[in-house]
Amino acid sequence: MDKTALLVIDVQNDFCPGGALAVADGDAVVGAINAMLADYPVRVFTQDWHPAGHGSFASSHPGKAAFETTEMPYGTQMLWPDHCVQGTKGADFHPDLRTDPADLIIRKGANPAIDSYSAFFENDRTTPTGLEGYLRTRGVERLVLTGLATDFCVAYSALDAARLGFAVEVRLDACRAIDLEGSLGAALDQMRAAGVALAGA
Ligand code: VGL
Ligand code: ZN
């Protein structure tokens, strides 16, 4: 029988209402995720975990504002408000999220020069986080993704997972999106094209 892992992406204070990069209704995923945890034999949580002055922050690029883009060596980078700075309250998990059942917590985005949306690779699409090896050595073949944000970290993780050969489902009812200039529609199209199952809509 294939072994399924639940991936809980970036359910952190800064992505919830009141946070630095708040996703509309972001905290609404917490109850749904808590209710799913018992159904999966492997549970992996991720945390966006940036050093102060990270290269994805608009504040690191004089003259640039949040939600503008800049060119990085690995491609176009969206510039964000300062968020999920290591060790801050904004980087903590939402206080109501049940984190005790986590088998593994992956932290990503620590390299100041490269953003890291995906749980598998930094945005250069080649520097690994180690998650693939963890899942393979635990015999996982199928992934169910939840969390924030649907159109950035969840989508990048789902697309990488599909490319790596995992069967992938995104539970849209346990995700919320940033949706900048059509980014949600584009992400859903890309995921469908990559064979990712979109469930719970
Ligand atoms: C995320 C933007 C910047 C996410 C992380 O978790 O979707 N989005 N950093
Ligand atoms: Zn980030």
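The values are calculated or read from the model by the stated rules, or taken from the named source; none is laboratory data. Because the structure is predicted, anything quoted here is derived from the model rather than measured. For neighbour counting, all protein chains shown are included, and Cβ atoms are generated from backbone atoms with ideal geometry for every residue, glycine included. When the accessible area is computed, the model is the full protein with side chains, heavy atoms only, and any ligands, DNA or RNA have been set aside. Shrake-Rupley method; radii C 1.70, N 1.55, O 1.52, S 1.80 Å.
Some observations on this one:
- The listed peptides 125-137, 32-44, ordered by packing as a protection proxy, come out as 32-44, 125-137 (highest mean of other Cβ atoms within 10 Å first).
- For the chain, calculated [θ]222 nm from helices alone, where every DSSP H run of n ≥ 4 adds -39500 (n - 2.57): -5000 deg cm²/dmol
- Rounded to the nearest 20 debye, dipole of the chain from Cβ charges on Lys, Arg, Asp, Glu: 480
- Zone of R142's modelled label, taken as backbone nitrogen in the range 15-39 under 17 Å from a point 7 Å along Cα→Cβ: 36-39
- Positive end of the dipole of the range 2-106 (Cβ unit charges, origin at the Cα centre): among G90, P41, G55, the Cα lying farthest that way belongs to G55.
- Note on I178: accessible area is roughly 40 Å² with a 1.4 Å probe, heavy atoms of protein only.
- Heavy atoms of the protein chains alone define the surface here; on that basis the chain has 42 Å² accessible area per residue at 1.4 Å probe size.
- Surface composition of the chain: carbon plus sulfur atoms contribute 51% of the solvent-accessible area (1.4 Å probe, protein chains only, all chains present).
- Per-pair calculated FRET efficiency, R0 = 25 Å: A167 and D189 via Cβ, rounded to 0.05: 0.80
- Given R0 = 22 Å, the distance between the Cβ atoms of T127 and H61 translates into a calculated FRET efficiency of 0.55.
- Degrees separating the helix 183-193 axis from the principal Cα axis of the chain, which is the longest one: 40
- Using the Cβ-Cβ distance between A24 and T88 with R0 = 25 Å, the FRET efficiency computed as 1/(1 + (r/R0)^6) comes to roughly 0.70.
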